[in-house]
Structures are given as structure tokens and as C-alpha cells.
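Notes for the one structure printed next.
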Amino acid sequence: MKTKKTYSSRRTFVKVAATTAFACNYVPSQVFGANSRINVAGIGVGGKGSSDVMGADKHGAKIVALCDVDLSRGARLIDFFTENDDKVKVYKDFRKMLEEMDKDIDAVTVSTPDHVHAPASLLAMQMGKHCYTQKPLTWSVHEARLMTEVAAKKGVVTQMGNQAHAGEPIRRAVELINAGIIGDVTEAHVMTNRPIWPQGMSSFPVKADIPKHLDWDLWLGPAPKRDFAKGILPFNWRGWWDYGTGALGDMACHIMDMAYWALDLGSPDSVVAQSGGNTEVSAPKWSVVTYQFPARGKKPPVMLKWYDGRDGDEPVVPAKELWEGVELYKRNKDGKFTGSSKYGSILVGTKGTLYFNRSNTNFVVKHLDGAITTGEKGYLDFVKEGFEAPEPTLARTKDEDYEWINAIRSGGPQPLSNFAQSGPFSETVLLGNVAIRSGEKIEWDSKNLKARGNPDADKYIRRQYRKGWELPV
């Protein structure tokens, strides 16, 4: 006899689940009242998916279905909801769930591995469902373009799960940069301590028995047919090109977000990458990706550099002159870099350099004369060079889950990380992987999604889908 796990409240469950893991109105197909319950289904409910589902529930959505190819991974969430509401249905195949429950589902959360983001999200949106999809929005550049187009065509409320986009630090930094706190920005440097999973493997691990609780074929979804092997699930799939997007895909949609948004970067002219350990099957052990963006109106061209991983024992970091005098990298007792940094972004402008971390508003600015100013109580009010901190111009929200659910309920405005914003952003991020995998400089034709003069790059821009898993567009 099965013994169900119980949780005293949704608040308690949210705490447990959390440890695991441009604005416009739209015309809703259904009008929701202020107290309406929005029917939400979760696709991928283990790990981060559990907190995504609970976030929707927290803000008044009604959870009507849960889907995961490994029900043991989502057991905690499934037990909680089925115990409290016997009408909540459980599935392994999101296609079957959407077909059978079409009339009962208003919106979906998609928190699967990267390679299933687009198949699940596109199908749901084609059926008129509002869609919250974890970062990176998709596995490929082409999929990101399709997500943007279908979301606009269907008029649904969308949100990419880069949580900090909804927070005060990023929104305040965007306002400060637009107000000219460091003048015209010409360089951005963005760094991470990822990967924290294996990368640089030369071949797939050996075949192993499929766990009884896992539907391996469904987990593979659109990816090539391969034997199950240990070392891929539940976490390390991020380092395998068939399923994940490496350190760049995992973290850039979080920490490149502020620079991309504040500088209104759009599509790059070119991307080139250096890396170590990249193979046909696995993302590299480290990479430095350089994006060149053209001028945008009065804004000058921008060079953005991304840094991830470790080259031997040392983390890959920006040149020291960019952060000299600023306590940037943590060191161990032997004085060596640990790989973690206090700041995730360095923006270089004509009036100074800003150091930014998405987790707080204690911004740091190094002025041209070398003086360093830090924000007091989270806000900057520089008298230096006549700068005055602007009043807030961007909407503030409780959190990204509220922003999404509230937009569905009220009919707008869209969340600020909706697919019209996060789709092009994801294209840019993932174009870095095209440069890494091709080993060549990408001269980018954004309109046609082509690397000029490099037809071999097409296989990294668009993927081949396993029979039965072709995209519904």
C-alpha cells in the first residue's frame, strides 16, 4: 500500500521545492475575473519544475495536471497535489496530456531539459495555452525564433524563466544605465563559474539498464535515439550537446540579461569563440565567446564577452585591468581563484565602469579617475559628474510567477521577459554555441538565420528531429 507524503501547507511545500532545484497588452481568448482560477498544467515537475508549478499555485492558479517522464522525480509534487485534489491528473507524455485535457488547461509551465522546451511549448501555444518556459528558452537558435513568432501569432501570455529579470537589481541597473550612469557603454564582460557538471567528454558512456521509473524513449523526445547510460540523468545532461546547451545556455539567460536589456543589443553582427575540450558530443570545459553588436540609433557599437569554465586549475576570467582595485574574485587559502565572482557583469562606459551582480543592488562604479563608489542601501545617487539617480521607470512586481499569472488574469501587460524579449535574447545566447561548435567566426544574417559563407553551421542552428517529434509549426 502506498504511503503518501504530506505537507502541512503550500507555504511549507514551496520552501522544500525551492531547494531542489517588453510590455504590451494582449487580447485574451478567455476573460478571467480578478478572482478567477487559471488552470495550469506542469510539464516537467521534478527539480526546478516543482518550484515553477508551486509558484503558479502560490499566486492563485489551479493545478489540474502534472507530467513527467520520470514520476519518481516529481513524486513529492505529485503526492502533494493528488492528495489535496483527486482531480489533478498525472501523465508521462505531454502530448497525450494536452490532447486529452485541451479544454481543461489554460496555461502550462515547461521545465524539462533544454531539448524538449520547444516541442512542448510550441505545441501548447499552438493550442492557445499561455506558456511559461524555463531558460534557455530553447535548445537551438531556430527554435527560439519559432517561439517568438508563434507566441505573437497566438496572442498568448509568455514568460521565460530567468527569474532575476523580474527582480529589483536588474530593473534598477537597466534604469541607471539608460540614465547615463557610466556614459555610453562600449564593452560588456559577463562571467560564470559554470559548468559545475562534467563537460568535454569525447564519447557517450556505456549502455546501462533503464531504471523502471523512467520512460527513456519519452525523455529522449526529439533527440537522436541512444541507449540509456549513467552519467546523463538527472543533472548532467546539461553537458551533452544532444540534450543541453552547456554552461553558456545554462547561465547566460540569467547573467547576460542585464547587459542585453539595458543596452538594447538586439542581434549581433558576428560571434567568435575560443574554447577548450569541445567535442562533437559534449560542450567545452571552458569558453570565451565574443559578440559584436552594431550601433543602435545614438548608442555606439558594443563588444560583449562571455567567460565560463576552468582552463586547468584556473577559472577563465576577464583581463585583470578590467577589475583591478575591485574585490571581484574569491580566493582560497592558497591565494588561488575559486572560480566564483562577486560580480557577474562588468560594463565599460565613457564615464566609468559598473560592476553588477543580479542578486543585490549594492552596485559598484569605478570612475575614470580611479575612484570607486558603491551604492548606499541599494541605490546610487552620484554627485560625481552631475549624475542623479533617476526615478523608477520599469514596472515592479512581486516575482516572475506573479507577473505571468497576473498578466493572464488581467489581460496585460505582458511580463517583461515575454517571448518577444526573451526569444531574440535566447537566439543571441545560443548563437554562441554555434560559434563554439563550428569552430569558426559566425558572420550573422539574423533575418534569414544564416551564418554568411558558412553553410556547415546550419546543423548547429537547426536540429534534425527524431521521427514523431517534429515541431508542430
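The values are calculated or read from the model by the stated rules, or taken from the named source; none is laboratory data. None of these values were measured; they are calculated from a predicted model. We place every Cβ from the backbone using ideal geometry, glycine too, and count neighbours over all the protein chains shown.
Summary of computed values
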item	result
Any hit, region 47-58, residues being over 24 Å from T148 (Cα atoms), among the charged types (D, E, K, R) and either surrounded by fewer than 23 Cβ atoms within 10 Å (Cβ to Cβ) or at pLDDT 95 or above (or both)	yes
Only listed residue being surrounded by 14 or more Cβ atoms within 10 Å (Cβ to Cβ) and either more than 24 Å from the chain's Cα centre (by Cα) or β-branched (V, I, T) (or both), chosen from K320, K351, K305, K336	K351
Those residues of region 306-352 which are among the hydrophobic types (A, V, I, L, M, F, W, C) and more than 12 Å from N193 (Cβ to Cβ), in sequence order	W306, A319, L322, W323, V326, L328, I346, L347, V348
Odd one out for R463, checked against (1) within 29 Å of K129 (Cα to Cα); (2) part of a helix (DSSP H, G or I)	(2)
Set T133, T109, T82: member being among the β-branched types (V, I, T) and surrounded by fewer than 17 Cβ atoms within 10 Å (Cβ to Cβ)	T82
Whichever residue in region 195-233 is in a helix (DSSP H, G or I) and out of contact with any Pro (no Cβ under 9 Å at 6 or more places or on another chain) and, among such residues, is farthest from P472 (Cα to Cα)	W216
Unique residue being of a type outside the set (A, V, I, L, M, F, W, C) and not in a helix (DSSP H, G or I) when the list is G244, G249	G244
Where A179 falls short, out of the listed (1) modelled with pLDDT of 95 or more; (2) over 25 Å from P318 (Cα atoms)	(1)
Any chance D458 is charged (D, E, K, R), surrounded by fewer than 24 Cβ atoms within 10 Å (Cβ to Cβ), closer than 18 Å to T245 by Cβ and modelled with pLDDT of 95 or more	yes
Subset of region 399-451 [hydroxyl-bearing (S, T, Y), surrounded by fewer than 24 Cβ atoms within 10 Å (Cβ to Cβ) and in contact with a Ser or Thr (Cβ under 7 Å, 6 or more places away or on another chain)]	S446
A151 farther than 15 Å from P392 by Cα and in a helix (DSSP H, G or I)	yes
Subset of region 97-135 [of a type in the set (V, I, T) and within 25 Å of T245 (Cβ to Cβ)]	V108, T109, V110, T112, V116, T133
Unmet criterion (only one of (1) more than 21 Å from the chain's Cα centre (by Cα); (2) among the charged types (D, E, K, R); (3) over 26 Å from N39 (Cβ atoms); (4) modelled with pLDDT of 95 or more) for D369	(4)
Residue list for region 238-258, filter: closer than 15 Å to I436 by Cα and either among the small types (G, A, S) or surrounded by 24 or more Cβ atoms within 10 Å (Cβ to Cβ) (or both)	G239, W240, G244, T245, G246, A247, L248, G249, A252
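For every residue, the table says whether it meets (1) part of a loop (DSSP other than H, G, I, E, B); (2) modelled with pLDDT of 90 or more; (3) under 16 Å from A164 (Cβ atoms).
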position: V326; (1), (2), (3): yes, no, no
position: D334; (1), (2), (3): yes, no, no
position: I346; (1), (2), (3): no, yes, no
position: T361; (1), (2), (3): yes, no, yes
position: T373; (1), (2), (3): no, no, no
position: A389; (1), (2), (3): yes, no, no
position: E403; (1), (2), (3): no, yes, yes
